[in-house]
Amino acid sequence: MKTLNRIFVYGTLKPGGRNYFLAKGVVHTDTAYLEGYDLVHFEPERYPAMVPGAGRVHGVVLTFKDIEAALPALDALEGLHLSPPEYERVTVTVHPSAQTVWTYVYVNQTRLAAGGVSVVAGGDWSLR
């Protein structure tokens, strides 16, 4: 199986976002969207999360020269190492290109059930 060198991002990791600097080695970006997920926003944390749902999430596919060098910092940002983890890195198919890429899906059900969680209408966090 070919190593995936792309990640679909939808929030602070997008170009111009406050955490984009962690995406070391990006060689190309493409706008894309993902079906079957909803985007939520957390307050007071001020960041988005993608969860399984019936909506569409808009974002950007980042293509890396060496994704293995970038993944430790990205996985750390997304809290994959926490117990319980905040996010899980999974493969998805983005549109309109039908590419298989990595993305981060929010999995901390305790935080989702707490206050300060709102659905992002239209699935585009940059328009919030």
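Bear in mind these aren't lab numbers, they're just calculated from the coordinates by the rules spelled out. The model shown is predicted, which means the values in this text are computed figures rather than measured ones. Note: ideal-geometry Cβ built from the backbone for every residue, glycine included; neighbour counts use all protein chains shown.
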**Request:** Could you rank the peptides 54-61, 94-101 by their average count of other C-beta atoms within 10 Å per residue, with the highest value first?
**Result:** 54-61, 94-101
**Request:** Taking the Cα centre of the range 6-122 as origin, sum charge times position over the Cβ atoms of Lys and Arg (+1) and Asp and Glu (-1), and report the length of that vector in debye to the nearest 20.
**Result:** 220 debye
**Message:** Quick check: pseudo-label points 7 Å beyond the Cα along Cα→Cβ at Arg89 and Asn19, how many nm apart are they?
**Reply:** 1.3 nm
**Message:** Suppose we keep just the DSSP beta bridges with both residues in the chain; what percent of those would be antiparallel, to 5?
**Reply:** 95 percent
**Message:** Under 10 Å, Cα contacts only: if you run a Gaussian network model on the chain, which one of Tyr20, Tyr37, Tyr47 comes out with the highest mean-square fluctuation?
**Reply:** Tyr47
**Item:** Dipole-positive endmost among Phe21, Thr93, Trp125 within the chain (Cβ charges, Cα centre)
**Value:** Phe21
**Order of Leu80, Leu112, Leu127, Leu74 - criterion: other Cβ atoms within 10 Å of each residue's Cβ, fewest first** = Leu127, Leu112, Leu80, Leu74
**Request:** Rounded to the nearest 0.05, what FRET efficiency do Ala76 and Asp38 give with R0 = 22 Å and r taken as the Cβ-Cβ distance? Could you check?
**Result:** 0.30
**Item:** Cα→Cβ-extended label distance, 7 Å offset, between Ala54 and Thr100, nm
**Value:** 2.9 nm
**Compactness index (Cα Rg / 2.2 N^0.38 Å), the range 1-59** = 1.23
**Asked** Hey, what angle do you get for helix 67-77 against the long axis of the chain, alpha-carbon based, 0 to 90 degrees rounded to 10?
**Response** 10 degrees
